[in-house]
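Step one of this worksheet: look at the structure below.
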Amino acid sequence: MSRLSDFSRAPEFLFRFHFVSVRRLAVALSLLAGISIVNAQEESATAVSRQVKEIFERAAKAVVKIHGADEHCEISGTGFFIDPTGTLYTAYTVGGEAGNFSIEFNGKQYPARQVLADVRSGMAILKADVATPALPIGKSEELGVTTPVVTIGYPLDLPETPNFGMVAGFDRKYLGRYFSTTHLRVNLPTQRGEAGAPLLNMKGEVVGILVSSLENNSSCYAVPIEAAEKIRGDFVRFGEARHGWIGINVSEAAAPMEGSRAEMTQVMDGTPASSSGIKAGDILLQVGRKKVHEPEDVLDASFFITAGDTVPITVIRGNEKLTFNVQAEIHPASQHPPLIAAPTMTNQAIPLKLDSEAQHTP
């Protein structure tokens, strides 16, 4: 009888045994999964470290330390070669208002001269008479928020130093001031001496130039490489930067049309636009190759206008889409462009012209 009773309780015993076994198995699998995740993270970090090292070893050969002097003191910063004849890009704060330049390259010091300095973009071009490597040019337009990036600079009195971070944003203004064109905000700590350093994508291509720092040097701004290339293109064609304008003010429309809220509010007298056929009330869709969706888009569009070029301006008027060809002129304030305050009202006009510059915090 007792044997029968013991046997009748066997299913309960087997269930308990099975439950405990499953629980132990689950714990074991969880531990294994945790170990696998840790291993995967370590392998991923190792792969990133290896990639950054490869970029650094390849690109550092074209990055140099710049020395100069202005009326107050000696300065130093970073620059990088963009062609094999010794042409290099740097920040305006390094190469814009100083002189008596020299660069440290391949363990030697070479004299350098200023070719062009552009306060609006925040960059400068120097030239050393020496054969050099060059960094490949990439596209900042292919970047997104959280895209990993690398810089190589000369902080303080230290040798070339790599830094790794990510793109944190694409800003048109900061602390109530507009930039001349969209800037890349990068989560990279910076030190004195790193202004002018190249911002590189994970292919080792230049996508920007470090021009300013913010918040106790915990992060920085870079001007897009396309902006520097535009200025360089102007110099190749005309021997100078030619900031253009067409003379139109734009503000926010009550309702979007064709995806744009940028409404023409004023066509200034005596400007290229005044005889083009563009009218107040037109909704701006495109300036050159730059599409416009909101009034602030005209800042980028304005930056890439070159004086002397014919710029196609596409608008919508009622139900009709029109394109006007306007020959841009040199803006009268191009030598000393003022900063403008951020709009406090949603309908405040934003001019389609040169009226703001990049920040130049050392």
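The values are calculated or read from the model by the stated rules, or taken from the named source; none is laboratory data. This structure is a prediction, so every number in the text was calculated from the model and none was measured. Note that we place each Cβ from the backbone using ideal geometry, even for glycine, and neighbour counts take in every protein chain shown. Just so you know, the surface numbers come from the protein's heavy atoms only, side chains and all, with ligands and any DNA or RNA stripped out. Shrake-Rupley method; radii C 1.70, N 1.55, O 1.52, S 1.80 Å.
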### Members of segment 264-288 that are over 15 Å from Thr323 (Cα atoms) and either surrounded by 15 or more Cβ atoms within 10 Å (Cβ to Cβ) or touching a residue at least 60 places away in the same chain (Cβ under 8 Å) (or both)
Thr265, Gln266, Val267, Met268, Thr271
### Query
buried (at least 24 other Cβ atoms within 10 Å of the Cβ) and modelled with pLDDT of 95 or more, is that true of Ala134?
no
### Task
Specify the residue that is most open to solvent (accessible area, probe 1.4 Å); the eligible residues are those in segment 78-87 that are out of contact with any Leu (no Cβ under 7 Å at 6 or more places or on another chain) and assigned to a strand (DSSP E or B).
Thr87
### Message
part of a strand (DSSP E or B), open to solvent by less than 40 Å² (accessible area, probe 1.4 Å), closer than 26 Å to Ile305 by Cα and without any contact (Cβ under 8 Å) to a residue 60 or more places away in the chain: is that true of Leu126 in this structure?
### Response
no
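Could you grab me the full set of residues in segment 209-227 that are surrounded by 24 or more Cβ atoms within 10 Å (Cβ to Cβ) and under 24 Å from Ile305 (Cα atoms)?
Ile209, Leu210, Val211, Tyr221, Ala222, Val223, Pro224, Ile225, Ala227
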### Query
With respect to the numbered conditions (1) modelled with pLDDT of 95 or more; (2) within 16 Å of Gly193 (Cβ to Cβ), which one is the sole condition not fulfilled by Ile82?
(2)
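Regarding Asp300, is this residue among the charged types (D, E, K, R), out of contact with any Phe, Trp or Tyr (no Cβ under 9 Å at 6 or more places or on another chain) and without any contact (Cβ under 8 Å) to a residue 24 or more places away in the chain?
no
Okay, residues lined up against (1) free of Cβ contacts under 8 Å to residues at least 12 places away in the same chain; (2) of a type in the set (A, V, I, L, M, F, W, C); (3) over 22 Å from Pro159 (Cα atoms); (4) not in a strand (DSSP E or B):
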{"residue": "Ile66", "(1), (2), (3), (4)": "no, yes, no, no"}
{"residue": "Ser76", "(1), (2), (3), (4)": "no, no, no, no"}
{"residue": "Thr93", "(1), (2), (3), (4)": "no, no, no, yes"}
{"residue": "Tyr110", "(1), (2), (3), (4)": "no, no, no, no"}
{"residue": "Arg120", "(1), (2), (3), (4)": "no, no, yes, yes"}
{"residue": "Thr132", "(1), (2), (3), (4)": "no, no, no, yes"}
### Task
Report, by residue number, each residue of segment 256-281 that is under 20 Å from Gly244 (Cβ atoms) and part of a loop (DSSP other than H, G, I, E, B).
Met268, Asp269, Gly270, Thr271, Ser276, Gly277, Ile278
### Pair list, Cβ < 6 Å and 6+ apart or interchain, from segment 305-334 residues that are more than 13 Å from Gln286 (Cα to Cα) and in contact (Cβ under 8 Å) with a residue 40 or more places away in the chain to residues that are exposed (fewer than 14 other Cβ atoms within 10 Å of the Cβ) and of a type outside the set (Phe, Trp, Tyr)
Gln327/Thr310
### Task
Would you mention how many residues in segment 212-263 are more than 26 Å from Thr93 (Cβ to Cβ) and among the aliphatic types (A, V, I, L, M)?
8
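Looking at Arg232, Arg192 in this structure, which one is touching a residue at least 12 places away in the same chain (Cβ under 8 Å) and part of a helix (DSSP H, G or I)?
Step by step, each of Arg232, Arg192 is checked, and only Arg232 is touching a residue at least 12 places away in the same chain (Cβ under 8 Å) and part of a helix (DSSP H, G or I).
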### Restricting segment 145-188 to residues that are polar (S, T, N, Q) and assigned to a loop (DSSP other than H, G, I, E, B), the residue that is least open to solvent (accessible area, probe 1.4 Å)
Thr147
## Note on the structure
Of the residues in segment 224-262 that are among the acidic types (Asp, Glu) and closer than 19 Å to Gly288 by Cβ, the one that is farthest from the chain's Cα centre (by Cα) is Glu258
### Query
Looking at segment 294-325, which of the residues that are open to solvent by less than 50 Å² (accessible area, probe 1.4 Å) and of a type in the set (Val, Ile, Thr) is farthest from Ala255 (Cα to Cα)?
Thr306
### Message
For the list (1) in a strand (DSSP E or B); (2) among the aliphatic types (A, V, I, L, M); (3) touching a Gly at 6+ places or on another chain (Cβ under 6 Å), I need the number of the one condition that Leu284 fails.
### Response
(3)
